[in-house]
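These notes are about the structure you will find just below.
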Amino acid sequence: MKGGMMRTPLTVPALLERAATLFGNKAVVSAGEEGCVRLSWRGVRDRAWALAAGLPTLGVGDGDRVASLAWNSHRHLELYFGVPAAGSVLLTANVRLSTEQVTRILAHAGARVVFADPEFVPLVEEAEGGLPFSVRKVALDGTGPEGWLPYEELLASAAAPAHLPELDEDAAAGLCYTSGTTGEPKGVLYSHRAMVLHTLAISLPDGFGLGEPDVILPAVPMFHANAWGLVHAAAMTGATLVLPGARPSARRLATLMEEERVTFAAGVPTVWMGVLDELRRRPRALSPRLRIHSGGAPTAPSLLEAYRTELSVEILAGWGMTELTPVGLVCHPRGEMAAWTPEELLPVRTAQGMPLPFVEARLTDAEGAPVPPDGKTPGELEVRGPWVTAGYFRAPSPDAFRDGWFRTGDVATQDERGYVRLVDRTKDLIRSGGEWISSVQLEHALVEHPAVAEAVVVAVPDARWGERPVACVALRHDMAATWEEILGSLAGRFPKWWIPDRVVFINAVPRTSTGKYDKRALREWFRREG
């Protein structure tokens, strides 16, 4: 017997319609070099629906892919909702990838319409030459060169429709390609249903704890993994949304956090390292309600403690992937830990956390056998759930799945309470003399040295041991240290065979297109240079 409830589809446009209907006057702030543009949720809705009405004039139909190459702005926000509202699919292309990769992504996705910020117009035109089809090009800001349609002209020519088309919640709404850290980028095709369920889950108290009183600043770029779902959550809850614009510096982020009274911000650890240094140089009066989510890579305990002790700001750790829309784990101390001291809580707060509702997680060994949840035994993290990909777009990858579970490639432990702690990526673990060494644990210890700004540990080939760890260290600009001093700080904290054989001093750690440390680039450099 089936239940007797209504079958109302879960769709992305419904999130924005709710914001405009119930919280129409709440602000959407879009920052730029010349100041902030201030709209309302009602204004964003009207412009997004005008965009939806204008897309058919560009030849865009049901299920067609529409690409964006843009930073975090109100126009990109309008694409986030207007393209799915038309029944089409928004491909948020990563602007930090190479021209060749962008060309391959546009071709693979079949995106025949591209919206671009001014600085990416040359990138699009260069990529266009390598495409097997022609594209319609829309300039998001300004007029663009010949052959480009101004975005505002497109909106002005199409009034907002009285009714949007009916949408199937299982239809595709978004397409994002992985960052290509360990290979060529692969596409993940998100459904309306998955994105709405993800939005509901991250807004829960044991997710990001988001609500109407919040002021949300996504420091994570909107071209990567749905901006971690924050713009959808801001619309659903009616929160104020602050978009930091193009290439936001630590100074701009800190200024926006102060001036807009931000209560929730999210980005990768390297972003929060830069903001911390900025706040140390130029203290700001931050909101006492400010919480920060740090994801994309494990967050060093020293960074969490610096924000807690110096700024009275809690950093919320978590874990996710493009393949999970993207959030899968969030870390909150349990109620039973309310009386614990900060020192007792630190090992909990530095874990990636517990699965969000409806996300299941398990650890397996190399043969696929279960790993015990003892907090010590590592295994590959595998997940499944309603917003976990069931397969890559136009790229069969059977090795990425096991018995219906997605194999993340992350190595982790899980304790008896369910807290998952990442040990490393399978490709970043160092196998020396038949034993595993965690690069992440060494990196977190290295950045505790007062002279170290950034540190990455990678494996280099070794004739005797197979692989050995080497530390790549960037020192703070006003400090100095010898390699003996740096390695000496690890003595007694790790087995002797874990200690890197040498330290290589570098100006800065190379980063991937999403702001994470690019270990593959460093490994390739060592292979070339020896």
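The values are calculated or read from the model by the stated rules, or taken from the named source; none is laboratory data. Because the structure is a prediction, the values reported are computed rather than measured. Don't worry about glycine lacking a Cβ; one is built from the backbone with ideal geometry, like all the others, and counts go over all protein chains shown.
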Identify, please: which residue in the stretch 4-26 is surrounded by fewer than 18 Cβ atoms within 10 Å (Cβ to Cβ) and touching a residue at least 24 places away in the same chain (Cβ under 8 Å) and is, among those, farthest from the chain's Cα centre (by Cα)?
L22
Checking the conditions here, which among I506, I486, I499 is under 27 Å from S98 (Cα atoms) and modelled with pLDDT of 90 or more?
I506
Would the stretch 116-133 turn up any residue that is of a type in the set (D, E), part of a loop (DSSP other than H, G, I, E, B) and within 27 Å of the chain's Cα centre (by Cα)?
yes
Within the bounds of the stretch 72-80, is there any residue that is more than 21 Å from A235 (Cβ to Cβ) and either over 24 Å from the mean Cα position of the chain (by Cα) or of a type in the set (D, E, K, R) (or both)?
no
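Quick grid of which residues meet (1) without any contact (Cβ under 8 Å) to a residue 12 or more places away in the chain; (2) outside any loop (DSSP other than H, G, I, E, B); (3) buried (at least 20 other Cβ atoms within 10 Å of the Cβ):
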{"position": "A453", "(1), (2), (3)": "no, yes, no"}
{"position": "A459", "(1), (2), (3)": "no, yes, yes"}
{"position": "A480", "(1), (2), (3)": "no, no, no"}
{"position": "R493", "(1), (2), (3)": "no, no, no"}
{"position": "V509", "(1), (2), (3)": "no, no, yes"}
Qualifying residue in the stretch 189-212 (condition: over 29 Å from A400 (Cα atoms) and hydroxyl-bearing (S, T, Y))
no
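Per-residue answers, yes or no, for (1) touching a Pro at 6+ places or on another chain (Cβ under 9 Å); (2) of a type in the set (F, W, Y); (3) outside the structural domain of A172 (by TED's automatic domain parsing):
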{"site": "G211", "(1), (2), (3)": "no, no, no"}
{"site": "I216", "(1), (2), (3)": "no, no, no"}
{"site": "A219", "(1), (2), (3)": "yes, no, no"}
{"site": "W228", "(1), (2), (3)": "yes, yes, no"}
{"site": "A233", "(1), (2), (3)": "no, no, no"}
Counting only residues that are loosely packed, with under 14 Cβ neighbours inside 10 Å and touching a residue at least 60 places away in the same chain (Cβ under 8 Å), which one in the stretch 311-359 is farthest from F406 (Cα to Cα)?
R334
Criterion: among the aromatic types (F, W, Y), free of Cβ contacts under 8 Å to residues at least 60 places away in the same chain and surrounded by fewer than 18 Cβ atoms within 10 Å (Cβ to Cβ) - qualifying residue of F120, F133, F115:
F133
Do any strands (runs of 3 or more DSSP E) lying entirely in the stretch 1-99 carry at least 1 residues that are in contact with a Phe, Trp or Tyr (Cβ under 7 Å, 6 or more places away or on another chain), assigned by TED's automatic domain parsing to the domain that holds R136 and of a type outside the set (V, I, T), and which ones are they?
65-69, 89-92
Considering only residues that are within 21 Å of H332 (Cα to Cα) and charged (D, E, K, R), which ones fall in the stretch 267-302?
R289, R291
Under 8 Å between Cβ atoms, at least 6 apart or on separate chains: pull out the pairs that start in the stretch 150-175 with a residue that is aromatic (F, W, Y) and end on any residue that is part of a loop (DSSP other than H, G, I, E, B).
Y151/L140; Y151/D141
Search result, residues across the stretch 173-211 that are in a loop (DSSP other than H, G, I, E, B) and over 21 Å from L356 (Cα atoms)
T178, S179, G180, T181, T182, G183, E184, P185, K186
Pairs where the first residue, in the stretch 363-382, is exposed (fewer than 15 other Cβ atoms within 10 Å of the Cβ) and the second is part of a loop (DSSP other than H, G, I, E, B) and among the β-branched types (V, I, T), C-beta under 7 Å, 6+ apart:
D365/V371; T377/V371
So if I check each of R308, R284, which one is surrounded by fewer than 22 Cβ atoms within 10 Å (Cβ to Cβ), touching a Pro at 6+ places or on another chain (Cβ under 8 Å) and either over 22 Å from V12 (Cα atoms) or among the basic types (K, R) (or both)?
R308
